[in-house]
Amino acid sequence: MAFWKPGAERPASALDRASVREQELGIDVPQPSFVDAELRERLPVYRHRHELLYLLEHHGVVVVVGHTGSGKTTQIPQYIREAGWAVDGRQVVCTQPRRVAASSVAARVASETRTKLGEEVGYAVRFEDCTHPVHTQLKYTTPGLLFRECMRDPLLSRYSVVMVDEAHERGVYTDLLIALLKKIRKVRPELRIVVSSATIDAESFARYFDPTYAGQATDDVALLSLEGRSYPVEIAYTPAPVHNYVQAAVEAAWNVHLTQPLGDLLVFLTGRDEIQTVMQALHDRYAALPPGSLPMLLLPLYAGLPPEEQNGVFLPAPRGTRKVILATNVAEASVTIDGIVYVVDTGFTKIKQLDWASGMDVLAVVPASQAALHQRAGRAGRTAPGKCLRLFPASQLAALPRGPTPELVRCDLAPYLLQLKALGIDNLARFDFVPPAPSAEAMSRALTYLASLEALDDHGRLLPLGERLAEAPLDPMMARALLYAAHAGCSEEVLTIAAMTSVASPFTAFEYGPSMDVQAEIARRKFVAEEGDHLTLLNVYNAFVHPRIGQQSPKWAAKYSLSYASLRRAQTIRSQLAKYVTLHWSLPLRSSEDATLVRKCLVAGLFKNAAERLDDGSFRSVHHSALLWAHPSSVLFTRAPPERWVVFGEVTHTAKPLMRDITVIDQAWLLELAPHYYQLHRPARRY
């Protein structure tokens, strides 16, 4: 086996080349501290798949250090499959942190292997399974879906090799899945685990699986390094901080289009609202293009986008046209979009984190880590030399975190602890979390909430209701609302609401302010329910599927500025949820025209997210007294609710915390349906 020796000449990696190019440009940039050159020098560089397969044969866990362009996501699973690890009914499975990556990578690998997607190579994501029960040998999926599969098959017996890709991103389900795989290997030592990680975390993952690891391969663990084949990327920075990075992204994208040669452009933003704002601004400027300029094709890419629209970014642009992709961090890793030559990076990302003041998960915009910035710049060097413009000064780079904070230590743990309980892990204090473990305070708060949800008893033991909530393909809050509705007689309505809140907003052209689309707002008023957003979404869906109104027609959806793709996806999700309720819960589907009953069922699940409207139009959360406001997309943004009390689906934190998916309620329902949470006593309900 050929090992690269320290001091020997080796090809420069993509990162090395980018660093040299920055120096050539005369930019004084502190080099990212997450690049551990000493570790890279110690690791062998494996040139052929035979060495990889040798390690897999002789070590239970292989940690792969693979930089952008090394082919680890597409090639390693293929090598493993072709080596015979997917025979006798066994499968090779590779997890991707995002559903966009899972589906797009599976399509790419199916194309490379000249097989039909869904046969030998397939993918499975939430509410979508494109695999064959017998023929599929290589499956791409999300960590959350594979984690849930452990509830049905605790030993993951159908898989011979599990590859956890992009583990350094430290998502909740990635960390929990790795912890479960470590437990499974104690019972199934023949199971092979491949963990793909950036350099920053490689040795820590190795020590997690084998505490005796000290830089050299052990019987259990081996590390290997894969060199990338990326092209050099020129990186430039703004001379001073920008005051509005969204507007700066518009200016930067427009200048790239006007001044740079043909090549596609990728702009990193933090969420759907920003993407729509930038798309509209660029579209408005398009009419002012000088004669002879390149045509521009604007495409969005974010997690809630329907799959058929996501796939559009991977198709080549028409000849002589520049494709401009406006994306969140879903395009940061694992997703290869051919033709990208230019990247505009705002330097920010949106993450979910627990707001200790309110006790709720909020979506907050924060600076991206150095590792994330490196991944983003690498998108421009996949198929040709590229350029990356970062919308902040170079002097700020060193102050950024080396890598992302593990999601498990910054979010509400309740849904995940419930699922661990459902897997039979009762003593959570002794569970071997991937370091760092969640704090005792965070776990205590989550368990207290689960008890108020009537998922656990006073001793922390799983109740029958908790088992049902853990296994449902929904957040426990919405699952409880649906279960309550099934008993109350309005499951049809709550099924629709659950499906509609699982997809992107159906309102495609909606924004308050100077750029508001007046016609879209007038169209939306046809569906608005004064009781709030959930019933408004119910009205939209019911009109869409009505045989004499919407008739499931794209033309009808366009007439009312609605997303046909979002509505069709909501239909698919609703159908699957309906099967779950009837088959797994063995409960009937019944409909009610009582809007009050529907809102009461929502309170049965969303009681934690309750707030009271104040005289100035703001809201104060009931349990933690946090000050909140209605999101501009809410129907209550410009309307005073008929009652002072509301429940909401989530909070987005930009300049201030904004509530989404709001419904007006009666205060008495909180005391009736959630006395445990509001510190009143009542015997536990049994389902």
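Looking at R170, R158, just one residue is of a type in the set (K, R), under 21 Å from C94 (Cα atoms) and touching a helix residue (DSSP H, G or I) at 6+ places or on another chain (Cβ under 8 Å), and that residue is R170. Each residue in the stretch 538-563 was checked for being in a helix (DSSP H, G or I) and either at positive phi or basic (K, R) (or both), and 2 of them qualify. Within the stretch 278-330, being part of a loop (DSSP other than H, G, I, E, B) and β-branched (V, I, T) holds for T321, T328. Among all residues of the stretch 491-514, there is at least one that is modelled with pLDDT of 95 or more, farther than 24 Å from M659 by Cβ and assigned by TED's automatic domain parsing to the domain that holds S563.
Taken over the stretch 629-683, the criterion of being among the small types (G, A, S) and surrounded by fewer than 17 Cβ atoms within 10 Å (Cβ to Cβ) is satisfied by A640, A655, A668. Among residues belonging to the stretch 88-122 that are at pLDDT 90 or above and β-branched (V, I, T), point out the one that is nearest to P307 (Cα to Cα). Among those that are at pLDDT 90 or above and β-branched (V, I, T), it is V105. Applying the set (1) part of a helix (DSSP H, G or I); (2) touching a Phe, Trp or Tyr at 6+ places or on another chain (Cβ under 9 Å) to A377 leaves exactly one unmet item: (2). Among all residues of the stretch 446-464, there is none that is under 30 Å from D210 (Cβ atoms), not small (G, A, S) and not assigned by TED's automatic domain parsing to the domain that holds A479.
Each row is one residue, and each column tells you yes or no for (1) crowded, with 20+ Cβ neighbours inside 10 Å; (2) closer than 17 Å to G60 by Cα; (3) touching a residue at least 24 places away in the same chain (Cβ under 8 Å).
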site	(1), (2), (3)
L155	no, yes, yes
P189	no, yes, yes
I193	yes, yes, yes
Y208	yes, yes, yes
A222	yes, yes, yes
L226	yes, no, yes
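Find the residue count for the stretch 118-139, including only residues that are touching a residue at least 60 places away in the same chain (Cβ under 8 Å) and farther than 21 Å from L577 by Cα. Qualifying residue count for the region: 1. Residues of the stretch 250-282 being among the aliphatic types (A, V, I, L, M) and touching a strand residue (DSSP E or B) at 6+ places or on another chain (Cβ under 8 Å), which ones? If the condition is that a residue be among the aliphatic types (A, V, I, L, M) and touching a strand residue (DSSP E or B) at 6+ places or on another chain (Cβ under 8 Å), then A252, A253, V256, L262, L265, L266, V267, L269, I275, V278, M279, L282 are the ones that fit.
Could you tell me which of the residues S586, S621, S625, S592 is surrounded by 23 or more Cβ atoms within 10 Å (Cβ to Cβ) and assigned by TED's automatic domain parsing to the domain that holds D533? Of S586, S621, S625, S592, the one residue that is surrounded by 23 or more Cβ atoms within 10 Å (Cβ to Cβ) and assigned by TED's automatic domain parsing to the domain that holds D533 is S621. Scanning the stretch 515-527 for residues that are at pLDDT 65 or above and within 29 Å of the chain's Cα centre (by Cα) gives A520, R524. Considering the conditions (1) touching a residue at least 12 places away in the same chain (Cβ under 8 Å); (2) on the phi < 0 side of the Ramachandran plot, D458 is excluded by exactly one of them, (1). Of the strands (runs of 3 or more DSSP E) lying entirely inside the stretch 587-687, those containing at least 1 residues that are in contact (Cβ under 8 Å) with a residue 24 or more places away in the chain and of a type in the set (D, E) are 610-613, 645-653, 657-665. The combined condition, being polar (S, T, N, Q), closer than 28 Å to T349 by Cβ and out of contact with any helix residue (DSSP H, G or I) (no Cβ under 6 Å at 6 or more places or on another chain), is fulfilled by T238.
None of A377, A394, A399 is of a type in the set (A, V, I, L, M), at pLDDT 90 or above, buried (at least 19 other Cβ atoms within 10 Å of the Cβ) and assigned by TED's automatic domain parsing to the domain that holds L265 except A377. Does E128 qualify as being within 24 Å of D210 (Cβ to Cβ) and either surrounded by fewer than 17 Cβ atoms within 10 Å (Cβ to Cβ) or modelled with pLDDT under 95 (or both)? In short, no. On inspection, S103 does not qualify as outside the structural domain of P307 (by TED's automatic domain parsing) and either free of Cβ contacts under 8 Å to residues at least 40 places away in the same chain or surrounded by fewer than 17 Cβ atoms within 10 Å (Cβ to Cβ) (or both).
Within the set L305, L269, the sole residue that is crowded, with 22+ Cβ neighbours inside 10 Å, within 25 Å of the chain's Cα centre (by Cα) and farther than 19 Å from G347 by Cβ turns out to be L305. Looking across the stretch 577-586, just one residue is in contact (Cβ under 8 Å) with a residue 12 or more places away in the chain and β-branched (V, I, T), and that is V581. Test L535 against the stated conditions and say whether it is outside the structural domain of W645 (by TED's automatic domain parsing) and surrounded by fewer than 23 Cβ atoms within 10 Å (Cβ to Cβ). Taking the combined requirement at face value, the residue does not satisfy it. Looking only at residues that are over 21 Å from G71 (Cβ atoms) and not small (G, A, S) in the stretch 106-125, which one is surrounded by the fewest Cβ atoms within 10 Å (Cβ to Cβ)? Among them, the one singled out is K116. In the stretch 248-270, the residues that are on the phi > 0 side of the Ramachandran plot form Cβ pairs under 9 Å with partners that are in a loop (DSSP other than H, G, I, E, B), at six or more places apart or across chains, as follows: G263/G339; G263/A384.
The values are calculated or read from the model by the stated rules, or taken from the named source; none is laboratory data. Worth saying up front: this structure is predicted, and the values here are computed from it rather than measured. Note that each Cβ is placed from the backbone with ideal geometry, even for glycine, and that neighbours are counted across all protein chains shown.
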